[in-house]
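Worksheet: one structure, shown below.
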Amino acid sequence: MKIQGIIFTVNEVPRKLYKIKSGKVREMKKSGPVMLEPGDFVALPEYLLEIPLTGDVSAIEESEIEEVSLTDEFENILSRLVFLRKTKINNNSFSLEDFLIEDEDLDNVINHMETLLSLSVGELPDDEEAAMHLIENIDESKLLTKVNYIKNFIKKFPNSKIGAELILDTAKKVYSTIGDRYITKLLCKKLLLHYSDNLEACHNALNLLALVYKEEGNIMWIFYSELSKYVEVKQNENS
């Protein structure tokens, strides 16, 4: 729809998710005005968290906005949030105001989106091989969807012989493709928790954890590096 003027008013809780097709929209944040452009979502954090706006949201020129489905936009929004979290961790001087989400809302928005995404994935087949086939055929551009299916796979098939390799392979792809260290660490730790008897997979997961923590400048990388060496020794003893 085409609009010029107020879209949402201060203290209103947005009940619809709009995406800008053309024109300019201004959001009044606590930190000051923020300009939205085509491709941006209107009042995104407030819509997701169901919280009141801290200022008016207005189209400052004739603009076209369209109501979109949260389900259809999951991957686009999550990819954006992953980028924000990664940038926030890497650069302490980075200002989230440039990306339209207040600093204190970012983790809440990400957690909320990940919870919604977990609920949105369908049921896995009762047959382990069929479930594995479904996961393996998820498009590589939807890695975050795949992660949530894997979480369900672990719960449904806790004694799976292939679960460890599935987790490890996905963790490596998440790290190399979208660079999300949080999810990479989460997957590796799930592998260690659920498949501690698979020494080879645990060894690889520990090496990846050491790499990620070292990249973050976190001293925990030494701990995981030492654990990796210990597991390697156990592997050699067993062989």
What residues have an amide H closer than 5 Å to that of Glu12, excluding those fewer than 5 places away on the same chain, when H is modeled at 1.01 Å from N in the peptide plane? Leu53
Using a 1.4 angstrom probe with every protein chain in place, what is the largest-first accessible-area order of Arg15, Arg26, Arg181? Arg15, Arg26, Arg181
Which part of the range 204-239 falls in the paramagnetic zone of Lys172, meaning amide N under 16 Å from the point 7 Å along Cα-to-beta-carbon? 204-212
Label point distance in nm, Gln235-Ile222, each placed 7 Å from Cα along Cα→Cβ: 2.4 nm
With every protein chain present, what accessible area does Lys173 have (1.4 Å probe, heavy atoms only), rounded to the nearest 10 Å²? 60 Å²
What's the FRET efficiency of Leu186 with Leu70 using the Cβ-Cβ distance as r and R₀ = 30 Å, to the nearest 0.05? 0.85
What does the charge count near Met220 come to, summing +1 for each Lys or Arg and -1 for each Asp or Glu among other residues with Cβ under 13 Å from its Cβ? +1
Potential extension, Glu140-Glu165 segment - 0.36 nm per residue separation minus Cα distance: 7.3 nm
For the range 187-199, take each phi angle, set θ = phi - 60°, evaluate the Karplus expression 6.51 cos²θ - 1.76 cosθ + 1.60, and give the result in whole Hz per residue in order, putting x for glycine and proline. 5, 4, 6, 5, 4, 4, 6, 9, 10, 5, 7, 8, 5
How much length, in nm to one decimal, is gained on full extension between Lys155 and Lys24, taken as 0.36 nm per residue of separation minus their Cα-Cα distance? 42.6 nm
Do any of Lys29/Lys185; Lys24/Lys173; Lys173/Lys229; Lys190/Lys234 go past 29 Å between their Cα atoms, and which? Lys29/Lys185; Lys24/Lys173
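Which GluC sites (Glu not before Pro) from the range 116-215 combine a DSSP loop assignment with at most 16 other Cβ atoms within 10 Å? Kindly include the intermediate steps, with their values, before the conclusion.
Values: sites: Glu123, Glu128, Glu129, Glu136, Glu140, Glu165, Glu200, Glu215; in loops: Glu123.
Qualifying residues, ordered by number: Glu123.
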Each residue of the range 35-42 in order: what ³J(HN,Hα) in whole Hz does its phi give by Karplus 6.51 cos²θ - 1.76 cosθ + 1.60, θ = phi - 60°, with x for Gly and Pro? 9, 9, 10, x, x, 7, 9, 7
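The values are calculated or read from the model by the stated rules, or taken from the named source; none is laboratory data. Computed from a predicted model, the values in this text were never measured in an experiment. Cβ: placed from backbone, ideal geometry, glycine included. Neighbour counts: every protein chain shown. Remember, those area values only see protein heavy atoms, side chains included, never the ligands or the DNA or RNA. Shrake-Rupley method; radii C 1.70, N 1.55, O 1.52, S 1.80 Å.
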